[in-house]
Amino acid sequence: MLQKLQDYTAGDAYPFHMPGHKRQLENADFPFSIDITEIDGFDNLHHPEGCIKEIEEKAAKLYRAERAFLLVNGATGGILSAVKAMTHRGDKVIVARNCHTSVHHAVGLLGLVPEYYLPDPPKGERTYRCFGGVNPGKLDRLLKEHPDAKLFVMTSPTYEGICSDIRSIAAVCHQHGVLLLVDEAHGAHFPFHDSFPESAVSCGADCAVVSLHKTMPALTQTALLMIKDSIPEQNMQTELAVFQTSSPSYVLMSSIEYALDYAHLHPDAFEAYLGRIRKLEEKLAKLKKLSLLFHDKGEALQNVFAYDCGKLVIAANQADISGITSANILRKKYNLEIEMAASDYIIAMTSVCDTDEGFDRLANALLEIDSECVFVQKKNDTPFFAALPERHFLPCECETVSAKAVPLTEAAGRTAMEDIFAYPPGSPLVVRGEVLTKDILRLITEMTAKGVNVISSQNTYPNGVLVADL
Ligand SMILES: Cc1ncc(COP(=O)(O)O)c(C=O)c1O
């Protein structure tokens, strides 16, 4: 599509149509010169028959889906559309609690009744302080308790790179007559090298959404939605037109094609990327107080079926610094900006476009920080999300409940009227309609004190929290 855009815009056509810059602004920082709207010959995202359809067919083949759809409003737009296409108002849905806010927004917006699957943390010699994958047996038991459930929504890989056994999970869901939607936002690169876990639709998920912009050479906001033949194609197309813009950017869409072609035609680039990861793993094996989690294939971990080695989770669990401090040091001293800092660990995201120099800089910086910090045996006693709070209202009922802001110190036992979550990763500590327990308030306060970015959906927190005014 890029060639088509360049040929078209190099010609003499004058645009009496959107966008308003009319391709007259020559500025190397912005792609004005190839930014068009739906012109004859350029297809329509919501009724694809031409060059957009071709990209979608290419994507479907690569991800082994029945049908793929281009997304220009991020994975978020795809998730909202998918939940809508896979449910009816009032349906019961099982939602993995660590799902991204977009899933929780969909549940509220679409008037669904959520029951939560709480993933257990990864467990080896010690218990890790993040969510692990979905256990098919535990899911089976939950689905037996909820025979009226219509859909299960889960995240794999997690923000930390932990993948679930999608093949077994799909089998469990289908035995119960439940559809499976996998938020695979962080796994767009999976089909392009055997060292990555298998992608979700190829393992039997009915639908999966991948964020191309997260791990592939594609522009921000680009993503793909994939379905199997269990989902009527037209239903999905219809919902995508509800949740996606009617003015999709051709620059974004051509970058989707670019990313797919790049990955498909350059297996050598992925080979080199894996080589870079293996070299980095060897170097980081020398860390003494910091540690690279989940990359040690010898470490048997419960609740981790597979792992995306493109993710680098570096824990500060035996160092006198926190995850937040290590991120600050990496930024200030080494000019390295990482994806996310939690109180105990940081996440560095890598991709096929990283360079040897970038990997060397990160490894050297981490080794130097490691040598300069002091060994401490930290107690694993900071609270982690352990139990689901009681629910007073469904998310969709909260709109009609009167609410007021109260200080956090007065919120225990009251019903939250907004979602509170750490961003990233955007999975809720409390969902509106649930009771603010002492444990959850302590978790929120401690995370904030450690520098984690905790926010609330109505922006009340940290000045207070919105609760039901009953
Ligand atoms: C697990 C997960 N799902 C969905 C999303 C939303 O993706 P997007 O930013 O492409 O809309 C994110 C964003 O960070 C995410 O981490």
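The values are calculated or read from the model by the stated rules, or taken from the named source; none is laboratory data. Values in this document were obtained by computation on a predicted structure and should not be read as measured data. Here the Cβ is made from the backbone with ideal geometry for all residues, glycine too, and neighbour counts use every protein chain on show. To get the accessible areas, we keep the full protein, side chains included, count just its heavy atoms, and leave off ligands, DNA and RNA. Shrake-Rupley method; radii C 1.70, N 1.55, O 1.52, S 1.80 Å.
For beta carbons closer than 8 Å, sequence separation of 6+ or different chains, a first residue in the range 64-81 that is open to solvent by 10 Å² or more (accessible area, probe 1.4 Å) and a second that is among the basic types (Lys, Arg) and more than 8 Å from the ligand (Cβ to nearest atom), the qualifying pairs are 65/228; 66/228.
Inspect the range 130-142 for any residue being away from the ligand (no atom under 16 Å from the Cβ), in a loop (DSSP other than H, G, I, E, B) and in contact with a Pro (Cβ under 9 Å, 6 or more places away or on another chain) and give the result as yes or no. Yes, the range 130-142 has at least one match. The number of residues in the range 174-184 being open to solvent by less than 10 Å² (accessible area, probe 1.4 Å) and not charged (D, E, K, R) comes to 4. Can you pull out the residues in the range 44-81 that are assigned to a helix (DSSP H, G or I) and among the acidic types (Asp, Glu)? Hits for the range 44-81 are 54, 56, 57. Looking at 74, 90, 111 in this structure, which one is on the phi > 0 side of the Ramachandran plot and within 11 Å of the ligand (Cβ to nearest atom)? Result of the check over 74, 90, 111: 74.
Contact annotation: residue pairs with Cβ atoms under 9 Å, 6 or more positions apart or on different chains, pairing a residue in the range 298-323 that is touching a residue at least 40 places away in the same chain (Cβ under 8 Å) and open to solvent by 50 Å² or more (accessible area, probe 1.4 Å) with a partner that is small (Gly, Ala, Ser) and part of a helix (DSSP H, G or I), are 305/168.
When you scan the range 228-242, do you find a residue that is small (Gly, Ala, Ser) and buried (at least 17 other Cβ atoms within 10 Å of the Cβ), even just one? No; the residues of the range 228-242 include none that is small (Gly, Ala, Ser) and buried (at least 17 other Cβ atoms within 10 Å of the Cβ).
For the range 30-50, the condition of being within 16 Å of the ligand (Cβ to nearest atom), in the same structural domain as residue 173 (by TED's automatic domain parsing), in contact with a Cys (Cβ under 9 Å, 6 or more places away or on another chain) and among the hydrophobic types (A, V, I, L, M, F, W, C) holds for none of the residues.
Scoring residue 393 on the criteria (1) modelled with pLDDT of 95 or more; (2) not in a loop (DSSP other than H, G, I, E, B) leaves a single failure, condition (2).
Going by the conditions given, is residue 299 modelled with pLDDT under 95 and not assigned by TED's automatic domain parsing to the domain that holds residue 55? Answer is yes for this residue.
From the list 84, 150, the one residue that fits, being away from the ligand (no atom under 16 Å from the Cβ), outside any loop (DSSP other than H, G, I, E, B) and open to solvent by 30 Å² or more (accessible area, probe 1.4 Å), is 150. Within the range 396-426, the residues that satisfy the criterion of being buried (at least 18 other Cβ atoms within 10 Å of the Cβ), in a loop (DSSP other than H, G, I, E, B) and away from the ligand (no atom under 16 Å from the Cβ) are 411, 414, 417, 418. Out of curiosity, is residue 292 without any contact (Cβ under 8 Å) to a residue 24 or more places away in the chain and part of a strand (DSSP E or B)? Taking the combined requirement at face value, the residue satisfies it. If I ask for residues that are away from the ligand (no atom under 16 Å from the Cβ) and open to solvent by less than 10 Å² (accessible area, probe 1.4 Å), which ones from the range 114-128 would you list? If the condition is that a residue be away from the ligand (no atom under 16 Å from the Cβ) and open to solvent by less than 10 Å² (accessible area, probe 1.4 Å), then 114, 122 are the ones that fit. Annotation note: of 110, 143, the sole residue that is of a type in the set (A, V, I, L, M), farther than 17 Å from residue 425 by Cα and open to solvent by less than 10 Å² (accessible area, probe 1.4 Å) is 143.
I'd like the full set of residues that are assigned to a helix (DSSP H, G or I) and of a type outside the set (A, V, I, L, M), limited to the range 11-43. Let's see the steps before the verdict.
Taking the range 11-43 as the starting set, the residues that turn out to be assigned to a helix (DSSP H, G or I) are 32-34.
The answer is 32, 33.
For the range 359-395, the tally of residues that are within 19 Å of residue 283 (Cβ to Cβ) and either hydrophobic (A, V, I, L, M, F, W, C) or surrounded by 14 or more Cβ atoms within 10 Å (Cβ to Cβ) (or both) stands at 11.
Would you check if there is a residue in the range 267-279 being of a type outside the set (A, V, I, L, M) and over 26 Å from residue 367 (Cα atoms)? Give the steps one after another, and end with the answer.
So the first thing to find is which residues in the range 267-279 are of a type outside the set (A, V, I, L, M), and the list is 267-268, 270-271, 273, 275-276, 278-279.
Checking the rest, the ones that are also over 26 Å from residue 367 (Cα atoms) come to 267-268.
Yes, the range 267-279 has at least one match.
Would you say residue 196 is under 30 Å from residue 31 (Cα atoms), assigned by TED's automatic domain parsing to the domain that holds residue 133, more than 16 Å from the ligand (Cβ to nearest atom) and at pLDDT 95 or above? Judged against the criteria, residue 196 is not a match. Among the residues of the range 159-185, those that are in contact with a Ser or Thr (Cβ under 9 Å, 6 or more places away or on another chain), over 14 Å from residue 140 (Cβ atoms) and within 16 Å of the ligand (Cβ to nearest atom) comprise 159, 162, 163, 166, 182, 183, 184, 185.
Number of residues in the range 324-339 that are touching a residue at least 40 places away in the same chain (Cβ under 8 Å), in contact with a helix residue (DSSP H, G or I) (Cβ under 8 Å, 6 or more places away or on another chain) and not β-branched (Val, Ile, Thr): the value is 1.
Results for (1) within 19 Å of the chain's Cα centre (by Cα); (2) within 14 Å of residue 78 (Cβ to Cβ); (3) more than 9 Å from the ligand (Cβ to nearest atom); (4) among the aliphatic types (A, V, I, L, M), shown as yes or no for each residue.
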position	(1), (2), (3), (4)
187	yes, yes, yes, no
211	yes, yes, no, no
214	yes, yes, no, no
220	yes, no, no, no
228	no, no, yes, no
236	no, yes, yes, yes
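Any chance the range 6-23 includes a residue that's assigned by TED's automatic domain parsing to the domain that holds residue 223 and β-branched (Val, Ile, Thr)? No: zero hits.
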